[in-house]
1. List pairs: first in the stretch 19-43 and under 21 Å from residue 117 (Cβ atoms) and free of Cβ contacts under 8 Å to residues at least 24 places away in the same chain, second outside any helix (DSSP H, G or I) and more than 7 Å from the ligand (Cβ to nearest atom), Cβ under 7 Å, 6+ apart or cross-chain?
2. Select, from 127, 118, the only residue that is buried (at least 20 other Cβ atoms within 10 Å of the Cβ) and assigned to a helix (DSSP H, G or I).
3. Take the stretch 45-58 and flag every residue that is within 22 Å of residue 113 (Cα to Cα) and away from the ligand (no atom under 12 Å from the Cβ).
4. Of the conditions (1) at pLDDT 95 or above; (2) crowded, with 18+ Cβ neighbours inside 10 Å; (3) within 13 Å of the ligand (Cβ to nearest atom), residue 193 clears all except one; give me its number.
5. Just to be sure before I move on: is residue 113 free of Cβ contacts under 8 Å to residues at least 60 places away in the same chain, outside any loop (DSSP other than H, G, I, E, B) and touching a strand residue (DSSP E or B) at 6+ places or on another chain (Cβ under 7 Å) in the structure I sent?
6. When only residues in the stretch 202-219 that are in contact (Cβ under 8 Å) with a residue 24 or more places away in the chain and in a helix (DSSP H, G or I) count, which is nearest to residue 190 (Cα to Cα)?
7. Are any residues in the stretch 84-99 within 21 Å of residue 201 (Cα to Cα) and either out of contact with any helix residue (DSSP H, G or I) (no Cβ under 6 Å at 6 or more places or on another chain) or more than 10 Å from the ligand (Cβ to nearest atom) (or both), and if so, which ones?
8. Looking at the stretch 199-218, which of its residues are more than 9 Å from the ligand (Cβ to nearest atom), modelled with pLDDT of 95 or more and within 22 Å of the chain's Cα centre (by Cα)?
Ligand code: NAD
C-alpha cells in the first residue's frame with residue numbers, strides 16, 4: 001500500500017508505545033485512524049497527536065481479549081468511515097518466569113490478549129477486506145517469536161503463533177490484494193518493561209534499569225512499520241541486536257544456542273528458588 005492518503009487504519013493498543021507512535025506515523029502520511037485500547041486516558045493523547053496532523057481519529061475503549069468488543073470496533077469503523085484499509089494488531093502484554101511458576105489463569109491472560117486478540121481482529125475485519133479486494137494486516141509479534149530462551153514460555157508461545165499465522169495469511173490473502181506484515185522488534189523503549197508480569201523471579205529490571213544504549217525509540221520502530229506496509233514487506237525485525245541473533249539462528253545454529261543459553265542464565269540468576 002504505497003499511498004496512505006485517506007486510508008482508514010485501525011490500531012489496537014494505541015494508547016502508548018509502538019501502537020501510539022505508528023498511529024501518528026500513519027496520520028502523518030494522510031491516513032485517518034481508529035485507535036483502541038483499555039487505557040482511555042492514553043488514547044486521548046494519541047487522538048490529539050493525530051488531529052494535530054490534520055487527520056481524523058476515533059478512539060474506542062476496547063479490550064482485545066473480548067471478541068464482542070473487537071466485533072463492535074470493526075462495525076463502528078465501517079459505520080463511520082465505510083471501509084478498513086489497515087488493521088494493526090498491536091495490543092500486547094508481557095510475562096516472564098519459568099513455566100512451572102505459571103498458573104492456567106496466567107496462560108489464559110497472555111494468550112487471550114496476545115494471540116486471541118489478533119485472531120478476533122482478523123476474523124472480523126477480513127470479510128470486509130476480501131470484499132474490497134484490498135487491505136493490509138500488521139501483526140505485532142516480537143523477536144521472542146523467532147528467538148527462544150528460558151523464562152518466556154507464555155510470551156514466546158503467543159508471539160511465535162503470530163509469526164506462523166501471519167505466514168499462512170500472507171499465502172492465503174495475496175490473491176485478494178491483501179498484504180501481511182509481521183513485526184518482530186527487539187528492544188523498543190516503551191512502557192512494556194514496567195507492565196510485564198513476573199512469576200518466580202525477583203528483582204526483575206524495569207524500564208529505567210535498562211542500559212540507555214539498548215533498544216530503539218518507538219518512533220524509529222513506527223517508521224520501520226510504515227515502510228513495511230508501503231512496500232508490502234512480510235517480516236521486519238526493528239532494532240539491531242535481535243537481527244544479529246536471528247542471523248545466528250539461520251546461519252550459525254551453534255552460536256544461536258550459545259547466545260540463547262546466556263540469555264536464559266540472566267533469568268536463572270533472578271530465580272526465587
Ligand atoms: P506498551 O505497554 O507501551 O503498549 C501496549 C499497549 O497495549 C498499552 O497501551 C496497553 O494499555 C495496551 N493493552 C494491554 N492490554 C490490552 C488489552 N487487553 N486490550 C487492549 N489494549 C491492551 O508496549 P509496546 O512495547 O508499545 O507494545 C506493543 C506491542 O509490541 C506488544 O504486542 C508487544 O508485545 C510488542 N513488542 C514490544 C517490544 C518492546 O521492546 N517494547 C518488543 C517486541 C514486541
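The values are calculated or read from the model by the stated rules, or taken from the named source; none is laboratory data. Quantities reported herein were computed from a predicted structural model and do not represent experimental measurements. Reconstructed Cβ throughout: ideal geometry from the backbone, glycine too, with neighbour counts over all protein chains shown.
1. Filtered contacts from the stretch 19-43: no entries.
2. Working: 127 fails: buried (at least 20 other Cβ atoms within 10 Å of the Cβ).
Exactly one residue qualifies, and that residue is 118.
3. Initially, the stretch 45-58 is screened for residues within 22 Å of residue 113 (Cα to Cα), giving 46, 58.
Within the stretch 45-58, 58 is the sole residue that qualifies.
4. (1)
5. no
6. Initially, the stretch 202-219 is screened for residues in contact (Cβ under 8 Å) with a residue 24 or more places away in the chain, giving 202-204, 214-219.
After this cut, where a residue has to be in a helix (DSSP H, G or I) as well, the list is 218-219.
Values: 218: 7, 219: 10 Å.
So the residue we want is 218.
7. Result: 95, 96, 97, 98, 99.
8. Once the filter is applied, which keeps residues that are more than 9 Å from the ligand (Cβ to nearest atom), modelled with pLDDT of 95 or more and within 22 Å of the chain's Cα centre (by Cα), the stretch 199-218 yields only 217.
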